[in-house]
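Novice: Okay, handing you the structure first.
No lab work stands behind these numbers, since they all come straight from the coordinates. Keep in mind that this is a model prediction, so the values were computed, not measured. Cβ atoms come from the backbone with ideal geometry, glycine included; neighbour counts cover every protein chain shown.
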Amino acid sequence: MGKVYIVGAGPGDPELISIKGVKCIEQADVILYDRLVNKELLSYAKPDADLIYCGKLPNYHTMKQETIHTFLVKYAKKGKVVTRLKGGDPFVFGRGGEEAEVLAKHGIPFEIVPGITAGIAASAYAGIPVTHREVSASFAVVTGHRKEGTEEEIKWRNLAEGVDTLAVYMGVSNLPYICEKLLQYGKEAETPAAIIEWGTTSSQRTVVGTLGTIVSIAEIENIQNPSMIVIGEVVRFREKIHWFEQQTEVAYSVSGVL
């Protein structure tokens, strides 16, 4: 019997993976990796390792989740060391819990290797602390996928009334709906909001507005996935402490691109 490591690869910057995560890549006979995993990390793999792409785009999946489950079980039962490499953290909207359930059901040994999730990392690279002693004592990570029904209404009411900072994943396509719900349940239109596109990478781009303006700003700037939406008073600190995009601009300038 082999073993499966469900590994968080971090939010995009390849240097943000953990030491244990790198070791899991180095030791793997088989690596199943997702779309948002930085491909530089695959350079740590053994030359003879099997690399299997499991990428998922919005509304299009290269490989169905059930197929991924089948591969994890099949290779582990063949005695292989399998690394399941996921963007961010495997247990934060990464379906790592589902994969671990399948492995447990089949009696396959596994370990979970946490990763830095984009809600925290992309915000930090944009100069936005998700908590701050002065304005935010709580934050929530939220999926931007839209559902219907009473539970959905309760969710948005609780988020609007009870959480200082919201980090919304997979929400760009539903941004008008998200803003509408937060305004409906009491958030002020002047509440600061930011969207961070391709956070922690050299392609990072950040736009800032309010709940009342961020939809039109995102449309004008043609913001696309993958993007992280951050909503709350903490966004105001970006003006003082943004740092990463400045470094990127300097690097391009030195190289003669600008």
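Novice: Condition first: closer than 17 Å to Glu188 by Cβ and not acidic (Asp, Glu). Now tell me which residues in the stretch 230-247 satisfy that.
Specialist: Val230, Ile231, Gly232, Val234, Val235, Arg236
Novice: Which of (1) in a strand (DSSP E or B); (2) touching a helix residue (DSSP H, G or I) at 6+ places or on another chain (Cβ under 6 Å) is the odd one out, the single condition Ile112 does not satisfy?
Specialist: Just one mismatch for Ile112, condition (2).
Novice: A further question follows. As an exercise: evaluate Tyr44 against (1) touching a strand residue (DSSP E or B) at 6+ places or on another chain (Cβ under 9 Å); (2) within 18 Å of Gly8 (Cβ to Cβ); (3) crowded, with 18+ Cβ neighbours inside 10 Å and give the number of the one condition it does not meet.
Specialist: Unmet for Tyr44, out of (1) touching a strand residue (DSSP E or B) at 6+ places or on another chain (Cβ under 9 Å); (2) within 18 Å of Gly8 (Cβ to Cβ); (3) crowded, with 18+ Cβ neighbours inside 10 Å: (1).
Novice: Every residue in the stretch 7-34 that is closer than 21 Å to Pro47 by Cα, in contact (Cβ under 8 Å) with a residue 40 or more places away in the chain and not in a strand (DSSP E or B), please.
Specialist: Ala9, Ile17, Lys20, Gly21, Cys24, Ile25, Gln27, Ala28, Asp29, Asp34
Novice: Is there a residue being farther than 24 Å from Ala140 by Cβ and under 19 Å from the mean Cα position of the chain (by Cα) anywhere in the stretch 87-94?
Specialist: Within the stretch 87-94 (the criterion being farther than 24 Å from Ala140 by Cβ and under 19 Å from the mean Cα position of the chain (by Cα)), the answer is no, since none of the residues qualifies.
Novice: Any idea which of (1) touching a helix residue (DSSP H, G or I) at 6+ places or on another chain (Cβ under 9 Å); (2) more than 24 Å from Val207 (Cβ to Cβ) is the one Ala124 doesn't satisfy?
Specialist: Every condition holds for Ala124 apart from (2).
Novice: Can you run down the residue pairs with Cβ atoms below 9 Å, 6 or more apart or on separate chains, where the first is in the stretch 136-148 and in contact (Cβ under 8 Å) with a residue 24 or more places away in the chain and the partner is surrounded by fewer than 12 Cβ atoms within 10 Å (Cβ to Cβ) and not in a loop (DSSP other than H, G, I, E, B)?
Specialist: The qualifying pairs are Ser138/Gly162; Ala140/Gly162.
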